[in-house]
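Student: Once you've had a glance at the structure underneath, I'll fire off some questions.
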Amino acid sequence: MNALRQTSAVLLLTAFCAGDVAARASGPELEQAWRDYLDHDTYLPPSYRFPHAQCFVRSANTYGLPETLLLAVARGESDFEATARSKANAYGVMQILWPGTANHLGIHRLSQLYDPCTNIDAGARYLKELLSHYDGNLHLALAAYNYGPGRINSHGRNIPSGAEWYSGYIYRHLGYVLGDRVPMDPAARHLYSKLGRTTIISFGEPYRAAAFIELMESSAPDLQLDWFRQGVGKFVVVLSYKDRDEFTRSANLLNRAGFPL
């Protein structure tokens, strides 16, 4: 019976992925979503007590940026890992490119990028610079953060598809950072570092990871799923849980959906 459910789920997932979920969020839609965030949601607190909290608060205040925006970029880029390094030679929490972007920001020693506060400050400063360059258009600024400003024109035309999905990718992480999108008592927030995480499945394309999550959440809304980019051509779906009981409940939901852990 389990094998039958799993086979059915895989077939459904294959059909679902074929629709290319990434194409559903167009550039104008993402621009509007980011505009709404800047207009209405920047005051909302983070849903968890995230790593390097004081570094994010300091950088947000220094550059006049929302703390939750910096947290979303950091979660999407490195999941707050200070020693993260990509195959493209991007380093640290905010994945600052070495040596080009780092030198541009006045960082001339690679070891500096492994210091969380220095790295977060650099990422915030770069985002502020890009926001100014693109007249406050956060969608374009994020596209340029990922692809470089030389490849993103100020009119937003002919944006590479990879840069556009990156904007949506960070927006997904913003939703996680904001949690239920309502003000919370800071003392009641859980430590993000205490959450358990289990990789469920990996894909070679980002839209397939997004499609898998959409499929699972449609049948089991209580699942805490998210996806992360891990290098070139690898996108992993991760289950988060606060304790063993929540893990067991989530595992049962996945099992009923045909994806046993």
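The values are calculated or read from the model by the stated rules, or taken from the named source; none is laboratory data. Owing to the predicted nature of the structure, the values given are computational and were not obtained by experimental measurement. Reconstructed Cβ throughout: ideal geometry from the backbone, glycine too, with neighbour counts over all protein chains shown.
Student: Condition check: under 28 Å from residue 211 (Cβ atoms) and either touching a strand residue (DSSP E or B) at 6+ places or on another chain (Cβ under 6 Å) or assigned by TED's automatic domain parsing to the domain that holds residue 203 (or both). Does residue 90 satisfy that? It would help to see each step written out before you state the result.
Tutor: Numbers: under 28 Å from residue 211 (Cβ atoms): yes; either touching a strand residue (DSSP E or B) at 6+ places or on another chain (Cβ under 6 Å) or assigned by TED's automatic domain parsing to the domain that holds residue 203 (or both): yes.
Yes: the conditions hold for residue 90.
Student: Would you confirm, using the coordinates I've provided, whether residue 109 is over 17 Å from residue 74 (Cβ atoms), of a type in the set (Lys, Arg) and either touching a strand residue (DSSP E or B) at 6+ places or on another chain (Cβ under 8 Å) or in the same structural domain as residue 57 (by TED's automatic domain parsing) (or both)?
Tutor: Details: over 17 Å from residue 74 (Cβ atoms): yes; of a type in the set (Lys, Arg): yes; either touching a strand residue (DSSP E or B) at 6+ places or on another chain (Cβ under 8 Å) or in the same structural domain as residue 57 (by TED's automatic domain parsing) (or both): yes.
Answer is yes for this residue.
Student: If I filter the range 229-243 down to residues being of a type outside the set (Gly, Ala, Ser) and without any contact (Cβ under 8 Å) to a residue 40 or more places away in the chain, which single residue comes out as farthest from residue 197 (Cα to Cα)?
Tutor: If we take residues in the range 229-243 being of a type outside the set (Gly, Ala, Ser) and without any contact (Cβ under 8 Å) to a residue 40 or more places away in the chain, then 234 is farthest from residue 197 (Cα to Cα).
Student: Does the range 157-170 include one or more residues that are in a helix (DSSP H, G or I), at pLDDT 90 or above, of a type outside the set (D, E, K, R) and exposed (fewer than 14 other Cβ atoms within 10 Å of the Cβ)?
Tutor: No, because not a single residue in the range 157-170 is in a helix (DSSP H, G or I), at pLDDT 90 or above, of a type outside the set (D, E, K, R) and exposed (fewer than 14 other Cβ atoms within 10 Å of the Cβ).
Student: Here's another thing I want to ask about it. Only one of these conditions is not met by residue 191: (1) surrounded by 13 or more Cβ atoms within 10 Å (Cβ to Cβ); (2) in contact with a strand residue (DSSP E or B) (Cβ under 6 Å, 6 or more places away or on another chain); (3) over 30 Å from residue 104 (Cα atoms). Which number is it?
Tutor: (1)
Student: What's the number of the condition residue 154 fails, among (1) surrounded by fewer than 16 Cβ atoms within 10 Å (Cβ to Cβ); (2) of a type in the set (Ser, Thr, Tyr); (3) not in a loop (DSSP other than H, G, I, E, B)?
Tutor: Failing condition for residue 154: (3).
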